Each structure stands twice: as structure tokens, then as C-alpha cells.
Amino acid sequence: MHIVVCIKQILDPEIPPRNFQVDQAAKKVIPGDAALVINPFDANAIEIALQLKDRQKYCTVTALTLGGEPCGKALRHALAMGCDEAIWLKDAFFEGLDSAATAKVIARGIQKVGQIDLVLCGRQAGDWDMGQIGSLIAEELSLTCISVVSQVDVENDRLRLQREVEKGVEIVATDMPALATITSSSANQPRYATTKGIVLASRRKIPVWSAQDLGIAENLARLVVVENLTVPNYERQIQIIDGEDGPVKGTRLAQVLAAMKVLK
Amino acid sequence: MPGILTSVTIKNGSPSMSSREVLGMARRIADQTGDQVAAALVGADVSSLTPELAASGADVVYLSESEFLTEFQAKVYLKVFQDIGEVAQPHTILFPADAIGMDLAPRLAYRLGAGLVTDCVDFAIRDGRCIFIKPVYGGKALAHLRVTTPVALATVRPRTQEPFPADTRRIPERVIVAPQIESIPREATVTDRIEEEGEEVNLEDAKVVISGGRGMGSSEAFRQLKKLAKILGGAVGASRTAVDAGWMPPSHQVGQTGKIVAPDVYFAVGISGSSQHIAGMGGSKIIVAINRDPEAPILRIANLGVIEDYRNVLPALIDEFSKILKN
Ligand SMILES: Cc1cc2nc3c(=O)[nH]c(=O)nc-3n(C[C@H](O)[C@H](O)[C@H](O)COP(=O)(O)OP(=O)(O)OC[C@H]3O[C@@H](n4cnc5c(N)ncnc54)[C@H](O)[C@@H]3O)c2cc1C
């Protein structure tokens, strides 16, 4: 089976708010010295693909990304984790696309990869948090789309997916090809890249496909545009509960809350 | 002219809280644009909910009823929404950002050739059209986004909007849109459902939520939080890191990609307070943080803070609460 995992490189979402700044005139985030990482849900998707590969006899995992120069690092990391192939959709033409246009380009990329059985995407990217690329790619390619999936299995040539729902999980069965958007769970924590994997990945030549390679000549419309980007302030005035040790602080906290009459 | 169409999610036989919040937002948009507000009521045996939707703010209810709509199937629901869209001709379609909304909205947007903004928390009106305001970078920034297509779609984050004050005298116009869905094949079948063992208090409705994070260190440690929750009649939540570690089931995750809660009191124990976590609990009335790191970002948004290892604090806290509440 052939799995394509769509990945995106983003600013590390764990940077604290005080290290975060925006350029309001350019309506862009100032990257500062924040690290670039693979979007965490995409890393969960890679892990799911690699787990399938571990269990299946014939399975190829291709990592695919769309983006500018630093994204090569994300693809090498995916290869170092154990992906078989990497594809880079890179072209000045692809800069500043919105979700709809991005999905269109990625769908063309997947088509060019060839016969595929499963496409995996993270449920959303930790930068613009749009959460629509997976569904839009599925629509572009007329694939069944199952969202918020935490595990994937193949059983009698059908997919068996575990989907997180409001109160528990659903097991969903569907035919291939299909697309799933992946959420994190204890069962899909991304594996580390091995030293050998890192060395091998650094030597690989990664194919780069341009707009022309994908047969995209038309200008891609922007369905959504950014009008403004601001930094909100959620700060509150804090009262610190003090005391000589933990138990005293615990007792005082209970008393302060009781006095506030907020607990019924 | 309807103008704004909202999608209604039915939960336990009634329009969900989030659906009523979305109707509330639609009403507030309509107040400024002069539009009519319509609700799409889709499901099996749901017509009796029409008055409730009118009371919650709908001028028009588009009703699509069929036994084939008992269970949510995206492809089938998409067809129904396309049909309703054709009759209603709205310029704005709003969904609650719940599981169904997040599933349907992008695919419907694609089919309508429309732009979509997900997870809105606010709006502004400019030139008679909505600018949607959504948190980006996990809530570290707010983006104001304009949809350039004639129809605009948006999903609305739960607990960010006030529902319309119920007015049971309102009588809606009712439009029946017969569903033509019999021939649509199912995309997928649900072969099994594994429900978690029933919690006494629903996390989203709880007046007190006690959440633990990576700092808890183990699933056993959550027992203490459950004990505290029991005494206070509250529910237990968790950060995503605690869920990923397998200490709590995913349905207890609080945050941007988990449940959105707004209790009277929220306890964050061993939680750093990432913006993605705050996205799910920032609306709580009182926030109590127990964290051993005085630099933890949660302390910037908390009302009460205890800077200490939680293990030294919780037993005394539980003891004192049991004493106080006994009296
Ligand atoms: C797209 C996206 C969506 C996300 N959605 C969510 C979401 O919905 N919900 C969510 O929670 N996260 C979400 N996250 C993850 C989020 O970014 C953080 O990784 C996560 O919230 C951190 O969890 P934490 O605070 O438990 O862990 P940490 O950040 O590791 O914090 C642990 C805290 O515990 C304290 N601590 C440690 N030991 C003790 C002790 N003994 N006593 C007291 N304090 C102690 C530490 O000082 C620290 O402050 C999302 C991330 C992304 C990228």
C-alpha cells in the first residue's frame, strides 16, 4: 500500500506568548529566534503511517510538503524517522496561498505521486489553526474523508480507523483510497529519528516539483484574506496564596475560595 | 432575504448549546446588517424543534427531515446542506465548531466555491459584510479575516458567544426542503462505539473543573484530582500532554483541540498554560493555578496562584474543603 503524509513546517507552537510578536503592518508573525518544527499533528500522522508500515508487508510512506526554503528540514526529518520518500512542492508561485489554494496544489502533488491508498494529514496546523486542508484535499481528489482519527489499521483490504468522538471512540470502516486527519493520542507519539536515519536522510536527494511540474498555470484565487493581525491580552490580576509550606498554602487556598463563595 | 444561515447540531434531542450560541451570533450580525436569520434543521424526526429555534433567534427554519438522516454521514448531510443553500441563498453560513461543523464546513465550502474561516471567536461588520476574528498561533494572535467569495462560511468556537435571550412568542417561517439522498452511498460505516464509563458531571456543563497537566507525572496522580472533583461536585479535565501520555482519556482534554469550558472555578494543576490550553478555559470566572514554577504562563491569567509542588498542596486542600463543606 502507498501512504502519503502531508506535513507542514511551522514555528514551534510551544514558544511562550511573551516571546511572540507580530508585524502588524505586514500582517505577519515575526519569527524571531523560535525554532521551526513539523506541525505536531503531522508528526502524529507520520507515526501512524510508520506503524502501518511496520505491520504491513508492502507499504511505502511518502512525506509531502508545500513551502519555501526551510521546509527541506522537515522532509529530511520525516525521512530520518523512517519515511521512504519525500516530495517538496516548491515555487515562488506558491507563496502566501490560503487554505483552498494550498489544498489544490497539494492535491495535484498527490496525483503526481501516482496510485495511492491513503492520505494522512494533521487535523490542523499549529500556526493558522484553520483545520481545513485535509477535508479540502479529500474533496479535490474525491476521497472519503474521516476526521479526528487517532489510529489506523488495515483489515481485509479495508481501513479500520479509530475516531475520537465527544465521549469515547468510534471504530469506522471504509474502503481505500481514503483520507484521514490525525489527532494526537498516547498511541501515536512520534518516534525519534535514529542516528543512522539522520545520516541517510541527509544524503538523499529530494525531488522538488514546481507549479509547472504540477501543471498549474492559472493564478490561484484567494478566498480568504487577512485584514489585520493583533496580539490579544488575557492577563488577570493574580493573588498569590502564601504560607510557610505546601499544606499551609493548600489549607489557605480552600479558605480563600470558600470566603469568595464561588463554590456551591 | 434570509442572509445568514446557521447549522444546528442536535444533542440529546435538542439544539445543542453551541448551536444556540451560533444563532445568537447570527442575530447580532443581523442587527447590524438588517439580514434575516435562518436555521437549517436537519435530521430524523426533528420538526418539533422548530419553535425552540425560533425562540433562539431564527426568523426562518429550513427543515430537512428523513430517517436516512438519523446518523451523521458527511456525504449525505453535505447534499442536504447544498440543497438548503440553493433554496435559502444565504450570503453567510455559520456552523458551531463542533465535530459535525468541523467536518462539514470545509467540504461544503469547497462545493460552494466559498471561503471558510474556522474557529471564530468574534466578528466585525465592514461595508455590510462580516469580518471574522479568529485566534491564530494557538491564540497568541488574533486574525481579522475577510472572505472574498459571494458566500462566506465560518465555524464558531463554542462558549464564545451569548445565546439569544429565549423569546417563545416568535413564530418562524418554516420552509421544507425535501431531502434527496436515498441514492448517496455511505462513505464509511461505524462498526463499533466505545463509550467511556459515565462521568457524574459533564465536563462542559460543570461549575467546577479540576484539570491536571504534565506536572501530575502519572495517571495515579489524577486520582487525587478525581477526589477533589467529587467533593466539589466538579469534573476532571486534562491538558493535551496529559492525554497524550495516556493519563486521561481524550474526551477530557481541555483546550483548542479539546473541550471548551467556562466554569465558575477552574483549577489548573501542573499545567503550564500554553495558549492552546488557555483557548479552552480562558473564559472561566475564577482560575486557580497550582504550579511549582513562578514563571509559568498560567499565572499571568490566573486569579489565585499557589507556587508549590502540587503534591504538597493537594492533600491539605482536599482535607480543608471536606471540612468546610461538611459545615
Ligand atoms: C495545534 C495544537 C493544538 C493544541 N491543542 C491543545 C489543547 O486543546 N489542550 C492543551 O492542553 N494543549 C494543546 N496543545 C498543546 C500545548 O501546546 C501544550 O503542549 C500543552 O498544553 C502543555 O501541557 P502541560 O501544560 O500539561 O505541560 P507542560 O507545558 O510541560 O507544563 C507542565 C507544568 O507543570 C508544572 N509542574 C511540573 N511538576 C510539577 C509539580 N510536581 N507540582 C506543580 N507543578 C508542576 C511545570 O512547572 C509546568 O508549568 C496543542 C498544541 C498544538 C500545536
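The values are calculated or read from the model by the stated rules, or taken from the named source; none is laboratory data. As the structure is a prediction and not an experimental result, all values here were calculated from the model. We place every Cβ from the backbone using ideal geometry, glycine too, and count neighbours over all the protein chains shown. Calculation scope for accessible area: heavy atoms of the full protein, side chains included, ligands and nucleic acids excluded. Shrake-Rupley method; radii C 1.70, N 1.55, O 1.52, S 1.80 Å.
Below is a table of values for the structure above.
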{"read-out": "Long-range amide H partners of B:Asp45 with built H, under 5 Å", "value": "B:Ser66"}
{"read-out": "Accessible area of chain A divided out per residue, in Å², using a probe of 1.4 angstrom", "value": "47 Å²"}
{"read-out": "Residue of B:Thr189, B:Thr257, B:Thr160 that the Gaussian network model of chain B assigns the largest fluctuation, springs spanning Cα pairs under 10 Å", "value": "B:Thr189"}
{"read-out": "Potential lengthening between A:Ala259 and A:Lys27 on full extension [0.36 nm per residue; Cα-Cα distance subtracted]", "value": "78.9 nm"}
{"read-out": "For chain B, accessible area per residue (1.4 Å probe, heavy atoms of protein chains only), Å²", "value": "39 Å²"}
{"read-out": "Listed residues B:Lys323, B:Lys75 arranged by accessible area, highest first, probe 1.4 Å", "value": "B:Lys323, B:Lys75"}
{"read-out": "Amide H partners (placed H, <5 Å) of B:Ile131, local residues excluded", "value": "B:Ala124, B:Ile125, B:Arg126"}
{"read-out": "√(5λ) per eigenvalue of the Cα gyration tensor, the stretch A:156-261, largest first, Å", "value": "48, 27, 23"}
{"read-out": "Among A:Val119, A:Val154, A:Val231: highest mean-square fluctuation, GNM of chain A, C-alpha pairs under 10 Å", "value": "A:Val231"}
{"read-out": "C-alpha long axis of helix A:71-81 to longest principal axis of chain A, angle in °", "value": "90 degrees"}
{"read-out": "Average beta carbon contacts from partner chains per residue of B:294-305, 10 Å cutoff", "value": "5"}
{"read-out": "Vicinal HN-Hα couplings computed from phi for the stretch A:178-187 (Karplus, 6.51 cos²θ - 1.76 cosθ + 1.60; Hz; Gly/Pro x)", "value": "8, 10, 10, 9, 9, 10, 7, 7, 5, 8"}
{"read-out": "Rounded FRET efficiency, nearest 0.05, which uses the C-beta distance separating B:Ile125 from B:Gln89 and R0 of 22 Å", "value": "0.65"}
{"read-out": "Candidates A:Ile198, A:Ile46, A:Ile146: whichever shows maximal mean-square fluctuation once chain A is modelled as a Gaussian network with Cα springs under 10 Å", "value": "A:Ile198"}
{"read-out": "Cα-centre dipole for the stretch B:184-288 with unit charges at Cβ (Lys and Arg positive, Asp and Glu negative), debye to 20", "value": "360 debye"}
{"read-out": "Inter-chain shielding of A:10-23 (mean C-beta neighbours from other protein chains, 10 Å cut-off)", "value": "4"}
{"read-out": "C-alpha long axis of helix B:310-326 to longest principal axis of chain B, angle in °", "value": "80 degrees"}
{"read-out": "Cα convex hull volume per residue for the stretch A:1-62 (Å³)", "value": "87 Å³"}
{"read-out": "Across B:Lys230/B:Lys259; B:Lys227/B:Lys326; A:Lys53/B:Lys79; A:Lys27/B:Lys285; B:Lys140/B:Lys226; A:Lys57/A:Lys167, pairs whose alpha-carbon gap is larger than 26 Å", "value": "A:Lys53/B:Lys79; A:Lys27/B:Lys285; B:Lys140/B:Lys226; A:Lys57/A:Lys167"}
{"read-out": "Cα-based convex hull volume of the protein assembly as shown per residue, rounded to whole Å³", "value": "163 Å³"}
{"read-out": "Counted charge near B:Gln32, where neighbours are those whose Cβ lies closer than 15 Å (Asp, Glu -1; Lys, Arg +1)", "value": "0"}
{"read-out": "Pair A:Gln111, B:Glu295: separation of 7 Å Cα→Cβ label points (nm)", "value": "5.1 nm"}
{"read-out": "Folded to 0 to 90 degrees: helix A:246-260 orientation relative to chain A principal axis, Cα", "value": "80 degrees"}
{"read-out": "B:Lys230 - accessible surface, heavy atoms, 1.4 Å probe, Å² rounded to 10", "value": "150 Å²"}
{"read-out": "Total formal charge among the other residues, if their Cβ is under 12 angstrom from that of A:Leu223, Lys/Arg +1 and Asp/Glu -1", "value": "+2"}
{"read-out": "Summed buried accessible area for B+A [probe radius 1.4 Å, Å², rounded to 100]", "value": "7200 Å²"}
{"read-out": "The stretch B:32-82 shape via C-alpha gyration tensor axes, a/c threshold 1.5", "value": "oblate"}
{"read-out": "Per-bin percent of Cα-Cα distances, chain B [20 Å]", "value": "30, 51, 19, 0"}
{"read-out": "Compactness of the stretch A:36-94 as Cα Rg over 2.2 N^0.38 Å, two decimals", "value": "1.16"}
{"read-out": "Cα-centred dipole magnitude for chain A, charges only on beta-carbon of K, R (+1) and D, E (-1), debye, nearest 20", "value": "380 debye"}
{"read-out": "Cα-Cα P(r), the stretch A:47-172, percent of pairs per 5 Å interval", "value": "2, 9, 18, 22, 24, 15, 7, 3, 0"}
{"read-out": "The stretch B:249-317, Rg to Rh (Cα coordinates; Rh as Kirkwood inverse mean 1/r)", "value": "0.96"}
{"read-out": "Nearest-20 debye value, the protein assembly as shown charge dipole, Cβ charges on Lys, Arg, Asp, Glu", "value": "960 debye"}
{"read-out": "Taking the C-alpha atoms of the stretch B:1-66, convex hull volume expressed per residue in Å³", "value": "63 Å³"}
{"read-out": "Per-residue HN-Hα couplings for the stretch A:85-100 [Karplus 6.51, -1.76, 1.60; θ = phi - 60°; Hz; x = Gly/Pro]", "value": "9, 9, 10, 10, 8, 9, 5, 4, 4, 8, 6, x, 6, 8, 4, 4"}
{"read-out": "Calculated SAXS-style log₁₀ I(q)/I(0) at q = 0.24, 0.27, 0.28 Å⁻¹ - the stretch A:148-210, Debye, Cα scatterers", "value": "-0.94, -1.06, -1.11"}
{"read-out": "Cβ-derived FRET efficiency at R0 56 Å, A:Asp213 paired with B:Glu197, nearest 0.05", "value": "0.60"}
{"read-out": "Dimensionless Rg over Rh [the stretch B:134-205; C-alpha; Kirkwood]", "value": "1.05"}
{"read-out": "At 0.890 mPa s and 25 °C, Stokes D of chain A from Kirkwood alpha-carbon radius, µm² per second", "value": "119 µm²/s"}
{"read-out": "The stretch B:105-251 - Rg over Rh from alpha carbon coordinates, Kirkwood radius", "value": "1.06"}
{"read-out": "Hypothetical label at B:Lys11: residues of the stretch B:246-271 whose amide nitrogen lies under 12 Å (7 Å Cα-Cβ projection)", "value": "B:259-262"}
{"read-out": "Rg(Cα)/(2.2 N^0.38 Å) for the stretch A:102-213, N = residue count", "value": "1.20"}
{"read-out": "Largest-first principal axis extents, alpha carbons of the stretch B:90-159, Å", "value": "32, 31, 19"}
{"read-out": "Per-residue average of Cβ from other chains inside 10 Å of A:213-226", "value": "3"}
